[in-house]
Amino acid sequence: MTMLIVTLLSVIGGAICCFAGYRIFRVALSFIGACLGAYLGMLLYGWLSGMDIPFMHMEYSEIITVAVCAIALGALSFGLYMKALVAVVTIICGWYFFSDVNSAGIRLPWSSPLITLAVSLLFGLVIGFAVYYLQEWAIKIFTAFIGAKIIASVLVPFLTALITEHQGNFVISLLSNEISSNTQIAIGAAAVLLLTGAGIAVQMSKHD
């Protein structure tokens, strides 16, 4: 149930972010923060559920944990807005860079995951400052891309399941960056590129 709710909200919010991110950027930034919070909430629940904490074994403990984390980060992003912009963009872009490099099996000049993480955060920081200083163009491109990534992260696993007829928890595997096949990588990349292009085109065509 928790995953279904997160999936539906991700598709709706991702579409709004992708195609109208600049016009409602504060809301879009809050949604991105909430998505980050929801993912962190799932990781937190997975970690705490293995401990002897009574609350973590109650019926609705997972959805409560995810909801609290999502609301907290979403509200923080909305409240701080421009102050949170660089931090949120850095974390999101850095995380996607780090996860994409790992899932695609790209060979890097170094073997340490800590160096990869540092490079990913540096990459995210560059994007964060670009969005902060360049404003309109950078925001449109950023929101279109992040919205596309969010939509693809929840829809591609189901599409892959239909194409390959494989069974399993594809959403969790994708969000955890345990991508199981080249087919899923190819479908994911194509979906992100197409949605990003469509999102940029729609946002660029709208004038206030």
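Just so you know, in region 49-89 the residues that are over 17 Å from ALA34 (Cβ atoms) and among the polar types (S, T, N, Q) include one that is surrounded by the most Cβ atoms within 10 Å (Cβ to Cβ), and it is SER61. Here is the figure for region 1-31: residues that are modelled with pLDDT of 80 or more and in a helix (DSSP H, G or I) total 17. Checking the structure you have, find out if any residue of region 2-19 is crowded, with 19+ Cβ neighbours inside 10 Å and without any contact (Cβ under 8 Å) to a residue 40 or more places away in the chain. No, region 2-19 contains no residue that is crowded, with 19+ Cβ neighbours inside 10 Å and without any contact (Cβ under 8 Å) to a residue 40 or more places away in the chain. Taken together, THR160, THR143, THR196, THR183 contain a single residue that is surrounded by 18 or more Cβ atoms within 10 Å (Cβ to Cβ), assigned to a helix (DSSP H, G or I) and modelled with pLDDT under 80, which is THR160. Hey, among the residues in region 96-136 that are closer than 18 Å to ALA148 by Cα and of a type in the set (Ser, Thr, Tyr), which one's surrounded by the most Cβ atoms within 10 Å (Cβ to Cβ)? Out of the qualifying residues, it is TYR96.
The values are calculated or read from the model by the stated rules, or taken from the named source; none is laboratory data. Just so you know, these numbers come straight off a predicted model, no measurement behind them. Note: ideal-geometry Cβ built from the backbone for every residue, glycine included; neighbour counts use all protein chains shown.
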